[in-house]
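A short write-up of the structure that comes next.
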Ligand SMILES: Cc1cc2nc3c(=O)[nH]c(=O)nc-3n(C[C@H](O)[C@H](O)[C@H](O)COP(=O)(O)O)c2cc1C
Ligand SMILES: Cc1ncc(COP(=O)(O)O)c(CN)c1O
């Protein structure tokens, strides 16, 4: 396996304290836009790590669905493994792995369920197939066979013909991750990378620090 011994150079393009936007959410929006421009697959995909009631961490990918000065939004099933973990412990880590750009963004924060209206508004914008899948799936629960899921879907498709309104299941909705720190990582040559980390202060401003690579 050649990839295991490869030593790819990550290039000369740096990230410095002068050029970075002093508002980390605005800086994040710039990098997300650049990831979109680079046409990488699912640029808004992020790995979210949670810790369950027993202290066991787990990670999985979700899609970023909203971004503003208060935080990062994603949607999921509140009764899923991650949903249950977040009820027990709202601390999370987010990772945007933009390898094609030799970049990653690491966020630490707290996840809070949004109000029902926010979840309703997003659910209403989903394609009907995805809406029905949210009803059909008890996310993260074992099931004996794929066919059982397909039968559930067929029954839901009969109940809700194309174009009819599908209400949001109560078990499904959005979370907002309120960040306490946001680190921008830019890969550079010789593994001598740039790392700039913002930490939220009590007065609503951000402290910026450079971390060693
Ligand atoms: C690219 C990608 C995007 C995904 N987006 C979501 C998402 O936005 N919400 C979601 O609940 N699951 C999403 N999934 C599935 C999750 O990774 C995961 O399998 C699921 O949420 C169950 O996780 P859990 O059992 O740890 O709760 C995505 C998977 C991939 C690969
Ligand atoms: C199970 C699941 N739930 C939610 C989402 C994200 O929401 P949407 O389907 O509206 O993109 C995804 C995206 N891959 C998903 O796989």
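As a summary of the residue check, residue 148 satisfies the conditions (1) within 16 Å of ligand 2 (Cβ to nearest atom); (2) more than 20 Å from residue 62 (Cβ to Cβ) except for the one numbered (1).
One line per residue, one yes/no per condition, for (1) crowded, with 21+ Cβ neighbours inside 10 Å; (2) at pLDDT 95 or above; (3) closer than 30 Å to residue 128 by Cβ:
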| site | (1), (2), (3) |
| --- | --- |
| 168 | no, yes, yes |
| 171 | no, yes, yes |
| 177 | yes, yes, yes |
| 183 | no, yes, no |
| 190 | no, yes, no |
| 198 | yes, yes, no |
| 202 | no, yes, no |
| 206 | no, yes, no |
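Scanning region 52-70 for residues that are near ligand 1 (Cβ under 6 Å from one of its atoms) and closer than 22 Å to residue 118 by Cβ yields a total of 4.
Mind checking whether some residue in region 88-106 is closer than 17 Å to residue 172 by Cβ and either part of a helix (DSSP H, G or I) or modelled with pLDDT of 95 or more (or both)?
Quick first cut of region 88-106, residues closer than 17 Å to residue 172 by Cβ only: none.
No - not one qualifying residue is present in region 88-106.
All of (1) part of a helix (DSSP H, G or I); (2) modelled with pLDDT under 95; (3) surrounded by 11 or more Cβ atoms within 10 Å (Cβ to Cβ) hold for residue 29 with one exception: (2).
Of the residues making up region 46-61, those that are surrounded by 17 or more Cβ atoms within 10 Å (Cβ to Cβ) and either part of a loop (DSSP other than H, G, I, E, B) or under 15 Å from the mean Cα position of the chain (by Cα) (or both) are 46, 48, 50. From the residues in region 79-98 that are under 15 Å from the mean Cα position of the chain (by Cα) and farther than 19 Å from residue 28 by Cα, which one is nearest to ligand 1 (Cβ to nearest atom)? In this case the residue turns out to be 82. Assess whether residue 57 counts as being touching a strand residue (DSSP E or B) at 6+ places or on another chain (Cβ under 9 Å), on the phi < 0 side of the Ramachandran plot and free of Cβ contacts under 8 Å to residues at least 12 places away in the same chain. Answer is yes for this residue. A count restricted to region 62-81 and to residues that are in a strand (DSSP E or B) and without any contact (Cβ under 8 Å) to a residue 60 or more places away in the chain stands at 4. Can you tell me how many residues in region 107-141 are more than 16 Å from ligand 2 (Cβ to nearest atom) and assigned to a loop (DSSP other than H, G, I, E, B)? The qualifying residues number 1. With respect to the conditions (1) more than 9 Å from ligand 1 (Cβ to nearest atom); (2) under 26 Å from residue 9 (Cβ atoms); (3) outside any helix (DSSP H, G or I), residue 34 falls short on a single one, namely (3).
The values are calculated or read from the model by the stated rules, or taken from the named source; none is laboratory data. Small disclaimer: the values here were computed from a predicted structure and weren't measured. Neighbour counts are summed over all protein chains in view; Cβ atoms, including those assigned to glycine, are modelled from backbone coordinates with ideal geometry.
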